[in-house]
Structures are given as C-alpha cells and as structure tokens.
Number of protein chains: 2
Amino acid sequence: MRQINGQPVTTTNSQTRERILEAAEAVFGDNGYHDAIVDAIGRRTSLSKGGLYFHFPSKERLFFAVLDRLADRLVSKAEEAAAGDGPALDRAEQALRAVLTALSRKRRLARLLMVQGYSMGNQFERKRAEIFDRFAAVIEGRLREAVLNGEMVEADPALTARIWLGAVNELVIHWLHAGGPSPAQRADEVAVVLMGGVRAPMPVPMPAELAR
Amino acid sequence: MRQINGQPVTTTNSQTRERILEAAEAVFGDNGYHDAIVDAIGRRTSLSKGGLYFHFPSKERLFFAVLDRLADRLVSKAEEAAAGDGPALDRAEQALRAVLTALSRKRRLARLLMVQGYSMGNQFERKRAEIFDRFAAVIEGRLREAVLNGEMVEADPALTARIWLGAVNELVIHWLHAGGPSPAQRADEVAVVLMGGVRAPMPVPMPAELAR
DNA sequence: CTGTGCCGACCGACCAGTCGGTTTGTCATG
DNA sequence: CATGACAAACCGACTGGTCGGTCGGCACAG
C-alpha cells in the first residue's frame, strides 16, 4: 500500500473512483466540459494525472460517468415520485415536481446536466439525448396510463412529455442565469400551465339535469 | 482591385462581411463553436485567415455576429406573426407557430441557435439568454394583453412564455437528433397542449338560459 | 517477485491570432 | 492622361500557449 506522510492510505479501487467522480462533478460543473482541466480534478483528489488516467481512460469517459451518475439519481427520484396507485396524471405531475425540486436544490448539478456538456461539441448530443430520453420515459409512461384511464385529453404522451421536459429545462436554465425564485418555488404555477393543457375537463353536469 | 483567375472581384466591404457570415453560419452550425476551425471558414470564403481577421476581430465576435443575424430574422418572423388585431392569445399562438416553422425549415439554423452556442463555454450563456429573452418578450407581450382581455387564465405571462420557449427548444432539439415529423408538422398538437393550459374556459351558457 | 495503484515530467497536436508584406482601387496633381 | 501616393483589402507563414494523454518508474501488499 502506498503511504501519505506515514498514514497508510487504503482506498479500494471503487472508493477512489467515487472520489474522482465527486471532484470531477465539481470541476465540470463550474467550468463546463471544455474549460475543465484534468489537472484541476487531480488537485481536488490529491491524485496525479497518471492516477486519474489509471481509473478513467479519457476525459470524455470521465465526464460521461459523471453525467450518468447524476442522471441515475435524478431518474430514481422521478420514478419514486411517479410510483404509487393514485391517478396516473397526478403521479406524472409528482414526477415533474420532483425533478423541478431536485434541480433547484443544487445549482451545480443543474448546470452540469442542462448546460455544461455542450462545450464538448457534437459528441455530447447523443449523451444528452440518452439522458433526456430516460426522463421522458418516466413521464411518458404515466401519461400513457392517464390517456387510457380517460384522465387526459387525447394528446400524444411522447410529445407531451417532451414539452414538459423542455419547460423544465428552460425554466432551470433561465433561473440559473437570471436568479429569482427557483423553479421548485414556482412549481404550482408551472403545473397549472402544463397540466391545464392535458387534463380532461371535469365532467360537466348535463344541461338536462340542470333543467330539471 | 484584386483578381481571381482573371475575373475582377469587386466585393465591397459589406458584401464580403455577408459572405463570411454565411460561411461561418455553416461551419459553426456543423461543428459547434469550439470545433469550428477559423481556417475552414476561410476556405469556404476563399479568404485567408488574415482576410477574415480584417473583417472580424476574433472568432468569438464572428460567432456572436452569426447568432445575432439569425436571431434578428427569427424574431422578426415572430413579431410579424404576432402583429394584427385579433385576439391576443391567437396572435401569441401564431408567433409560436411561426418560430416552430422557421426552425423546422432549416435544421442548421436550429442547431446553431438551440445547441451549438453552448460549446463556447460560459461566455455564451449571456448571449443565449439575450436571444431567448428577445423571443420571450414577443410571446410575453401578447400573453400580457391576453390576460388583460380576460382571454387567458391567471397565469404569469413571463413564466408561460418561458415554458413555451422551452417546449419549442426541446422539440426542435429532439427532432434534430431523432428525426421524425418536424415540430412544424406537429404544431397543432403542440398548440393543444400549450394553449389548453392557459386559454380561459369558454363562457358557458348560463343554466338559466338553458332552462328557459 | 508480481500486480495494483499511483507519480509527474514530458511530448506533441492543435489552432487562434499576428504581422510584415503584397495587390488593387482611388484620386489629386502636373 | 500619366504618375505617384495612400489606403483598403487581403495574404499566409509563423508563433505561442494550452492541455490531453503517455510512459518509465516507484511503493507497497500479498
């Protein structure tokens, strides 16, 4: 085992990987892919460049690993929120709110997922698509149920899910840049606009009945 | 005057600028800011690097000039569509459709405005915000009218405009990546989802009248 | 003595931007 | 109309700084 001033350092392989991912998340989050310098991640990890490259084959792969890790967490949150057995449309709304909340909680995380990747150029697009697709799938599943249950007007669940995602994306980016109340704080208003477009109208009492 | 194989080339200053902008639009659109090589723009223009740098002080400024030019055109289209004297909410919808159509018409334009800018890193964020704000302002203005006229439920016009923009953005990006029918082709469905969330409910005939 | 984990000096590709120089158009002047 | 002077437009070889990635080597455990 190697030592640092006498103290034995007994990191296992996976613990070090985790440390690197943590540091990389910070550095990529602050600077974006392109402007993030590998040595900076090394500094935060007390690891040399060689050490880093022992665990990850390239800057690109490291970045993707960071993104996947974040996406996993967020998607889990969305899925949890979308679980249960209430009306499907309500669960879709809960998933939406969960994402809004999670992204509002940590600016850096949001920046990473929504913005910072683009600086790596065209290769990032596929990754972004992959991640967004995962979120879309969660929402879309509930909406599909909702359509079947007649809770929702006849709108394409896939399209609707995209629209929701886009809204979240833009709101978060705008908030990151302009400040103001976080998207989570405005979740109720957002829900009105987004849900209003799809929720099946309340069954109106028949005129005949009223006329009685 | 300089010559190219015998033909005199009598470009005025502004014509050359235009040629450069055109070429730069293509190169940036294909590669994103960072991966775009200034010499490639030179090649497309039959201009040397020195020639380019005579007209634009830096790669960054050139990129911004390209973006501004595109944004100007698009915003004009949106404004035209939003003009007139019909119901404000309908005009907002027209603006939305105009943007959807314009972006669907030219993939490269869409890529540039929606995606590629980020690749220049943090400096771009301000620019993106500026451009998106211009679009938001067009939509928001109509929505504000609509609220005053009671055409619309009580929702914050600024927030709603952001949501619409985000939806457009995501739909375009997803279409660019995954193909399928263009956002313009799906404009009706999009309108249902987005407008449904804000349009004031049709004034329902009073029960009293029905009962008569 | 072998493998895992790590070190860090170094390499080399890349490319924005520079700069001394050239070509061409314009225009005042004799 | 020839001439020379000046500027606008353009050329393209070169530089300088930046990092991602490599590689020979070291330390320690088992």
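Rounded to whole Hz and in sequence order, give me ³J(HN,Hα) for region A:151-161 from the Karplus expression 6.51 cos²θ - 1.76 cosθ + 1.60, θ = phi - 60°, writing x for Gly and Pro.
7, 10, 5, 6, 10, 5, x, 5, 4, 4, 4
Hey, what did chain B get for relative contact order, percent, Cα under 8 Å, at least 6 apart? Spell out each step's value before the answer.
Details: 199 pairs, mean separation 41.6, N = 212.
With pairs under 8 Å counted, the relative contact order is 20 percent.
Between residue B:18 and residue A:39, what is the spin-label point distance in nm, taking each point 7 Å from the Cα along the Cα→C-beta axis?
Placing both labels 7 Å beyond Cα along the Cβ direction yields 4.8 nm.
Under a crude label model (7 Å from the Cα following the beta-carbon direction), how far is residue B:101 from residue A:30 in nanometres?
4.8
Near residue B:37, within a Cβ-to-Cβ distance under 13 Å, what is the net charge of the other residues, with Lys and Arg +1 and Asp and Glu -1? Walk me through the intermediate numbers first.
Values: positive: B:43, B:44, B:49, B:59; negative: B:30, B:35, B:39.
Charge balance near residue B:37 sits at +1.
HN-Hα J couplings of region B:95-106 from phi, Karplus 6.51/-1.76/1.60, θ = phi - 60°, integer Hz, Gly and Pro as x?
After applying 6.51 cos²θ - 1.76 cosθ + 1.60, I find 4, 4, 5, 4, 5, 4, 5, 4, 5, 6, 5, 10 Hz.
Give me the summed buried accessible area for the A-B pair, 1.4 Å probe, to the nearest 100 Å².
Working: alone 11910 and 11860 Å², together 20110 Å².
Approximately 3700 Å² gets buried when A meets B.
Can you give the angle from 0 to 90° between the axis of helix B:187-196 and the longest principal axis of chain B, with both taken from C-alpha atoms, to the nearest 10?
50
Please compute the net charge surrounding residue B:89, taking Lys and Arg as +1 and Asp and Glu as -1 over other residues with Cβ under 10 Å from its Cβ.
Values: positive: B:91, B:142, B:199; negative: B:90, B:93, B:145, B:151.
Every neighbour counted, the sum reads -1.
Once the piece of chain linking residue A:158 and residue A:48 is laid out straight, how much longer is it, given 0.36 nm per residue of separation minus the C-alpha distance between them? If you can, show how the numbers build up before the last one.
Numbers: separation 110, 0.36 × 110 = 39.60 nm, distance 4.56 nm.
The residue A:158-residue A:48 span can extend by a further 35.0 nm.
Residues of region B:164-182 losing 40 Å² or more of accessible surface, assembly versus chain alone, probe 1.4 Å, please list them.
Buried on complex formation: B:170, B:171, B:174, B:177.
Within region A:78-162, which trypsin sites (Lys or Arg not before Pro) sit in a loop by DSSP and count at most 15 neighbouring Cβ atoms inside 10 Å?
Details: sites: A:91, A:97, A:105, A:106, A:107, A:108, A:111, A:126, A:127, A:128, A:134, A:142, A:144, A:162; in loops: A:106.
Of the trypsin sites (Lys or Arg not before Pro), the ones in loops of region A:78-162 whose Cβ has at most 15 other Cβ atoms within 10 Å are A:106.
Please calculate how many Å² of accessible area the protein assembly as shown carries per residue, with a 1.4 Å probe and no DNA, RNA or ligand atoms counted.
On the way: 20110 Å² over 424 residues.
Result: 47 Å² per residue.
Along region A:22-33, what does the Karplus equation 6.51 cos²θ - 1.76 cosθ + 1.60 (θ = phi - 60°) give for ³J(HN,Hα), rounded to whole Hz, x for Gly and Pro?
4, 5, 5, 4, 5, 5, 5, x, 7, 10, x, 4
State whether chain B is rounded, prolate or oblate according to the following rule on the C-alpha gyration tensor (a ≥ b ≥ c being the square roots of its eigenvalues): a/c under 1.5 gives rounded; otherwise a/b larger than b/c gives prolate, and the remaining case gives oblate. Don't skip to the end; give the middle numbers.
Numbers: a/c = 2.92, a/b = 2.65, b/c = 1.10.
Because a/c hits 1.5 or more and a/b exceeds b/c, chain B counts as prolate.
Where does chain A land at 222 nm, in deg cm²/dmol rounded to the nearest 500, when only DSSP H runs of n ≥ 4 count, each adding -39500 (n - 2.57), divided by all residues?
Numbers: 10 runs with 151 residues, N = 212.
Helix-only estimate at 222 nm: -23500 deg cm²/dmol.
Between residue A:200 and residues 5 or more places away or on another chain, which pairs have amide H atoms under 5 Å apart, with H built 1.01 Å from N, and which residues are they?
A:152, A:153
With labels modelled as points extended 7 Å from the Cα through the Cβ direction, what inter-label distance (nm, one decimal) is found for residue A:188 paired with residue B:137?
Result: 3.2 nm between the two label points.
Between rounded, prolate and oblate, where does the protein assembly as shown land on the alpha carbon gyration tensor, with a ≥ b ≥ c its root eigenvalues, rounded for a/c under 1.5, else prolate if a/b exceeds b/c?
Working: a/c = 2.66, a/b = 1.23, b/c = 2.17.
Oblate.
Report, to the nearest whole %, how much of the accessible area of chain A belongs to carbon and sulfur atoms, 1.4 Å probe, protein only.
Details: 5290 of 10080 Å².
Solvent-exposed carbon and sulfur of chain A make up 52 percent of the total.
Any idea what angle helix A:59-82 forms with the longest principal axis of chain A, computed on alpha-carbon atoms, 0 to 90 degrees, nearest 10?
The answer is roughly 30 degrees.
The values are calculated or read from the model by the stated rules, or taken from the named source; none is laboratory data. For clarity, every value in this text was computed on a predicted model and none was experimentally measured. Reconstructed Cβ throughout: ideal geometry from the backbone, glycine too, with neighbour counts over all protein chains shown. Protein only, heavy atoms only, side chains kept; ligands, DNA and RNA dropped before computing areas. Shrake-Rupley method; radii C 1.70, N 1.55, O 1.52, S 1.80 Å.
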